[in-house]
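These notes are about the structure you will find just below.
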Amino acid sequence: MKKKIGIVADSSSGLTKKDFTEMKDLGFCPLLITFDDEETVEDDPRTFNEQDFVERITTKKQLAKTSQTPLGKMTMVWEAMLKKFEKIIFIPLSKGLSGQYNTACVLAKEPKFKDKVHVFDSNGVSIINWAIVKKAYNMAQEKDADVTTILTALKKISENYQAFILPNDITYLARGGRVSKSAAGLAKMLKIKPILTFDGTIDKFDTTRTWKKAVYKALNEIIKFQKLHKTDTTLYVIDGYADKELVDETMKYIKSYSFKKTKNVKLANVIAAHTGLNAFALVIFALDETKDL
């Protein structure tokens with residue numbers, strides 16, 4: 001007998017091996033990472049070689065490009081899930097960052113998937129999508145679970161967060177085409193640290209001359225967000241394979257503020273491929289953590 005609702009995620013959520021042991025029936029559509037030597041790997045934490053990834057980007061100075069889950073792979077994952085579940089909810093990364101969402105929507109209209117596969121517009125990535133996937137999976141385990149109720153709960157998460165991205169080296173963004181090479185060169189020469197916002201798409205928020213000021217400026221905005229929403233939730237500190245010295249320095253700045261709780265997690269590989277290593281993201285939710293997350 002089939003279960004009612006299954007959940008399928010992609011690798012933009014930064015799932016770990018531990019997550020797969022805790023969410024045993026989770027479906028997974030890995031995004032792809034392609035390097036300069038044209039080797040393409042699936043961004044699957046169960047098989048992904050993190051050491052090789054870091055070495056390619058740093059020592060070998062290779063450009064890492066990302067791409068959608070191949071249509072054949074996505075089809076195969078959905079078909080396998082529908083053998084076990086009556087319906088599935090697919091949670092891809094934000095449509096503002098990739099065509100994965102639109103591709104999935106087109107595929108979901110095919111006769112064999114119509115009214116069985118529901119594609120959720122996550123408006124998120126990394127810890128945002130991780131929280132959405134976790135919430136969806138937990139709700140799907142309930143006996144009276146229904147798709148509409150789950151999607152409503154997920155929408156609440158996708159609309160109630162604030163996120164800042166702090167790339168430590170803007171040249172990675174230039175290599176990936178996110179900013180012009182001339183702008184990156186000027187920023188590096190003047191030692192400018194950009195502060196970016198994320199709300200489904202990435203936008204420039206401000207610039208500073210030091211890492212310390214960049215962190216403080218983002219934290220001050222997060223404090224304003226907390227006061228506006230009268231919330232005191234966990235501050236997620238997400239880093240892209242940052243070295244220990246930079247992590248310690250950044251956490252020192254964060255601990256000078258009175259956040260009730262902080263949690264350190266790794267940036268999803270497909271995002272680190274664009275922001276570069278040593279990049280950080282700061283994310284906070286304006287939600288009741290015991291009920292809404």
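The values are calculated or read from the model by the stated rules, or taken from the named source; none is laboratory data. This is a predicted model, so every value here is computed, not measured. Don't worry about glycine lacking a Cβ; one is built from the backbone with ideal geometry, like all the others, and counts go over all protein chains shown. Accessible surface areas use protein heavy atoms only, side chains included; no ligands, DNA or RNA. Shrake-Rupley method; radii C 1.70, N 1.55, O 1.52, S 1.80 Å.
Here are the numbers for this structure:
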read-out	value
Candidate set from the stretch 55-99 (those that are in a helix (DSSP H, G or I) and crowded, with 16+ Cβ neighbours inside 10 Å); member that is modelled with the lowest pLDDT	Ile57
Close pairs from the stretch 202-213: first polar (S, T, N, Q), partner surrounded by fewer than 17 Cβ atoms within 10 Å (Cβ to Cβ), Cβ under 7 Å, at least 6 apart	Thr207/Ile192
Any chance Gly14 is at pLDDT 95 or above, of a type in the set (Gly, Ala, Ser) and closer than 24 Å to Val106 by Cα	no
Scope the stretch 1-17; condition open to solvent by 20 Å² or more (accessible area, probe 1.4 Å) and under 18 Å from Ser98 (Cα atoms); matching residues	Gly14
Selection count, the stretch 235-271, where residues are in contact (Cβ under 8 Å) with a residue 40 or more places away in the chain and either part of a helix (DSSP H, G or I) or open to solvent by 20 Å² or more (accessible area, probe 1.4 Å) (or both)	9
Residue check for Phe20: within 21 Å of Leu154 (Cα to Cα), in contact with a helix residue (DSSP H, G or I) (Cβ under 9 Å, 6 or more places away or on another chain), among the aromatic types (Phe, Trp, Tyr) and open to solvent by less than 40 Å² (accessible area, probe 1.4 Å)	no
Test: residue in the stretch 113-121 that is touching a strand residue (DSSP E or B) at 6+ places or on another chain (Cβ under 6 Å), over 29 Å from Thr275 (Cα atoms) and in a loop (DSSP other than H, G, I, E, B)	yes
Neighbours by Cβ (under 7 Å, 6+ apart or cross-chain): first from the stretch 140-153, in a loop (DSSP other than H, G, I, E, B); second open to solvent by 60 Å² or more (accessible area, probe 1.4 Å)	Ala145/Lys4
Residues satisfying the stated conditions in the stretch 34-54, i.e. assigned to a helix (DSSP H, G or I) and crowded, with 18+ Cβ neighbours inside 10 Å	Phe53
